[in-house]
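Here the structure is laid out as structure tokens; the discussion comes afterwards.
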Number of protein chains: 2
Amino acid sequence: MELVLATRNQGKIREIKNIILKKNLNINVLSLEDFPDISHIPEPEETFEGNALYKAKYVCEKTGHVTLSDDSGLEVDALDGRPGVYSARFAGDKASDEENNRKLLEALKDVPFERRGAQFRCVMVLYANTKDYVLTQGIWRGKIALKPEGNQGFGYDPIFFDENLGKCAAMLSIDEKNRVSHRAKALEKISKLIKPFFEILF
Amino acid sequence: MELVLATRNQGKIREIKNIILKKNLNINVLSLEDFPDISHIPEPEETFEGNALYKAKYVCEKTGHVTLSDDSGLEVDALDGRPGVYSARFAGDKASDEENNRKLLEALKDVPFERRGAQFRCVMVLYANTKDYVLTQGIWRGKIALKPEGNQGFGYDPIFFDENLGKCAAMLSIDEKNRVSHRAKALEKISKLIKPFFEILF
């Protein structure tokens with residue numbers, strides 16, 4: 001049995017393969033690295049759910065295999081959930097992490113710390129060519145910091161402050177982040193459904 | 001643990017309760033009969049997937065419990081998949097089964113038997129207030145008969161001909177229908193995911 005991860009991100013591939021190996025699922029885990037013909041996957045939808053589902057369907061149709069996709073981003077309370085699906089391109093189409101962070105700090109410059117609530121949200125989809133699928137969500141609540149701190153991670157990690165840990169996400173080691181992150185939570189849930197999902201297909 | 005069926009249809013309630021009881025899932029199965037305040041559930045979407053998901057979310061939000069919903073209908077090849085989500089109202093908003101059947105036979109009057117391929121399709125959704133969900137599909141392929149036959153079942157059963165069985169759906173006993181129907185197939189799959197789904201929630 002094959003499972004294709006709809007990503008080329010080496011970090012994600014390693015993390016997911018690890019979890020599946022630990023569960024002894026007897027599934028051969030592939031990724032887009034094994035399908036060089038699939039170049040760019042569109043993300044045309046206005047929600048994480050829509051984009052994750054779109055990507056999973058797209059890769060499943062191209063490869064014929066069960067596919068696992070994800071979509072995620074940052075939702076800021078004071079901005080009514082923005083940047084959301086536009087997280088990676090908040091400051092423009094090819095914006096760097098630093099430019100996106102700067103734009104977000106600017107947008108919140110008059111918002112006091114107690115009203116800077118935000119969450120990272122991740123949606124994962126496990127999709128088969130029978131059109132059956134599973135969708136899980138993971139949420140990581142925090143606050144937007146007043147200034148960047150830390151140099152781990154990526155994206156908005158330097159300005160996303162976890163109040164329980166008293167640190168910005170960019171100050172966490174990979175292991176610390178994997179205990180609390182939105183992606184880890186969505187993955188933990190969906191990974192428990194991989195085996196029963198394969199069983200309904202055959 | 002509670003599971004609410006997003007239906008008042010006694011036949012569906014009995015069928016689903018039966019399957020869950022057989023699986024010893026230790027789940028208390030409720031239905032809309034237990035929530036008289038929920039009167040009419042909208043079906044505003046253009047796809048079975050959309051409507052089943054809408055209904056599941058709606059009932060989950062109103063009751064706070066994990067919800068199982070379904071949406072289904074008939075897709076006729078020669079009509080590009082119509083009546084689809086409009087199956088129950090093909091001949092008008094309050095159309096009877098007989099009126100819908102008559103309208104469909106009329107629409108296909110110039111289509112020879114070999115080109116009258118059609119399918120019943122059922123989409124089921126299992127939805128939790130964490131916004132995690134599972135969606136399964138069941139398809140029952142057949143042909144639109146030249147005239148109605150049989151008096152079991154409901155909807156388009158009298159004009160839906162199963163070529164393997166050599167009978168219209170309305171000629172099948174409940175047990176025979178439950179071995180081949182779109183709803184039975186979707187339910188069989190989703191029922192296997194109920195236990196692992198509850199396990200990821202707690």
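The values are calculated or read from the model by the stated rules, or taken from the named source; none is laboratory data. Values in this document were obtained by computation on a predicted structure and should not be read as measured data. Here the Cβ positions follow ideal geometry from the backbone for every residue, glycine too, while neighbour counts run over all protein chains shown. Note: areas computed on protein heavy atoms with side chains; ligands, DNA, RNA excluded. Shrake-Rupley method; radii C 1.70, N 1.55, O 1.52, S 1.80 Å.
Only one of the numbered conditions (1) open to solvent by 40 Å² or more (accessible area, probe 1.4 Å); (2) at pLDDT below 95; (3) under 28 Å from A:Lys131 (Cα atoms) is not met by B:Ser191, and that is (1). Which ones in segment A:152-181 are without any contact (Cβ under 8 Å) to a residue 40 or more places away in the chain and at positive phi? Within segment A:152-181, A:Gly153, A:Gly166 qualify.
Would you pick out the residues in segment B:139-165 that are in a strand (DSSP E or B), buried (at least 18 other Cβ atoms within 10 Å of the Cβ) and aliphatic (A, V, I, L, M)? First the steps, then the outcome.
Looking only at segment B:139-165, we keep the residues that are in a strand (DSSP E or B), and these are B:139-144, B:160-162.
Then keep just the ones that are buried (at least 18 other Cβ atoms within 10 Å of the Cβ); that gives B:140, B:142-144, B:160-162.
Selection gives B:Ile144 alone.
Looking only at residues in segment A:90-113 that are part of a helix (DSSP H, G or I) and in contact (Cβ under 8 Å) with a residue 24 or more places away in the chain, the one that is nearest to A:Ile190 (Cα to Cα) is A:Asp97. In the set (1) charged (D, E, K, R); (2) crowded, with 17+ Cβ neighbours inside 10 Å; (3) touching a strand residue (DSSP E or B) at 6+ places or on another chain (Cβ under 6 Å), the condition left unmet by A:Asp97 is number (3). Answer with yes or no whether A:Arg115 is away from every other protein chain (no Cβ under 12 Å), open to solvent by 10 Å² or more (accessible area, probe 1.4 Å) and either touching a Pro at 6+ places or on another chain (Cβ under 6 Å) or farther than 25 Å from A:Lys62 by Cα (or both). It is true that A:Arg115 is away from every other protein chain (no Cβ under 12 Å), open to solvent by 10 Å² or more (accessible area, probe 1.4 Å) and either touching a Pro at 6+ places or on another chain (Cβ under 6 Å) or farther than 25 Å from A:Lys62 by Cα (or both). In the set (1) more than 14 Å from chain B (Cβ to nearest Cβ); (2) within 30 Å of A:Leu30 (Cα to Cα); (3) outside any helix (DSSP H, G or I), A:Ser87 fails one condition alone, (3).
When you look at A:Leu74, is it in contact with a Pro (Cβ under 8 Å, 6 or more places away or on another chain), part of a strand (DSSP E or B) and buried (at least 18 other Cβ atoms within 10 Å of the Cβ), yes or no? Write out each step before concluding.
On the way: in contact with a Pro (Cβ under 8 Å, 6 or more places away or on another chain): yes; part of a strand (DSSP E or B): yes; buried (at least 18 other Cβ atoms within 10 Å of the Cβ): yes.
Taking the combined requirement at face value, the residue satisfies it.
Scanning segment A:174-202 for residues that are within 14 Å of the chain's Cα centre (by Cα) and away from chain B (no Cβ under 13 Å) gives A:Lys177, A:Asn178, A:Val180, A:Ser181, A:Arg183, A:Ala184.
The set of residues in segment A:1-30 being in contact (Cβ under 8 Å) with a residue 60 or more places away in the chain and assigned to a loop (DSSP other than H, G, I, E, B) consists of A:Met1, A:Ala6, A:Thr7, A:Lys23, A:Leu25, A:Ile27. For A:Thr67, indicate whether it is at pLDDT 95 or above, closer than 21 Å to A:Pro196 by Cβ and surrounded by 18 or more Cβ atoms within 10 Å (Cβ to Cβ). The answer is yes for A:Thr67. Does segment A:168-175 contain at least one residue that is modelled with pLDDT of 95 or more and open to solvent by 10 Å² or more (accessible area, probe 1.4 Å)? Looking through segment A:168-175, at least one residue is modelled with pLDDT of 95 or more and open to solvent by 10 Å² or more (accessible area, probe 1.4 Å).
Answer yes or no as to whether B:Lys131 is within 30 Å of B:Leu30 (Cα to Cα), of a type in the set (D, E, K, R) and either within 14 Å of chain A (Cβ to nearest Cβ) or free of Cβ contacts under 8 Å to residues at least 24 places away in the same chain (or both). Don't jump to the end; show me each part of the working.
Values: within 30 Å of B:Leu30 (Cα to Cα): yes; of a type in the set (D, E, K, R): yes; either within 14 Å of chain A (Cβ to nearest Cβ) or free of Cβ contacts under 8 Å to residues at least 24 places away in the same chain (or both): yes.
So B:Lys131 fits the description; yes.
For segment A:157-178, the set of residues classified as out of contact with any helix residue (DSSP H, G or I) (no Cβ under 8 Å at 6 or more places or on another chain) and among the basic types (Lys, Arg) consists of A:Lys167 only.
Note on segment A:123-138: residues that are buried (at least 23 other Cβ atoms within 10 Å of the Cβ) and assigned to a strand (DSSP E or B) amount to 10.
Among the residues of segment A:31-71, the one identified as assigned to a loop (DSSP other than H, G, I, E, B) and aromatic (Phe, Trp, Tyr) is A:Phe35.
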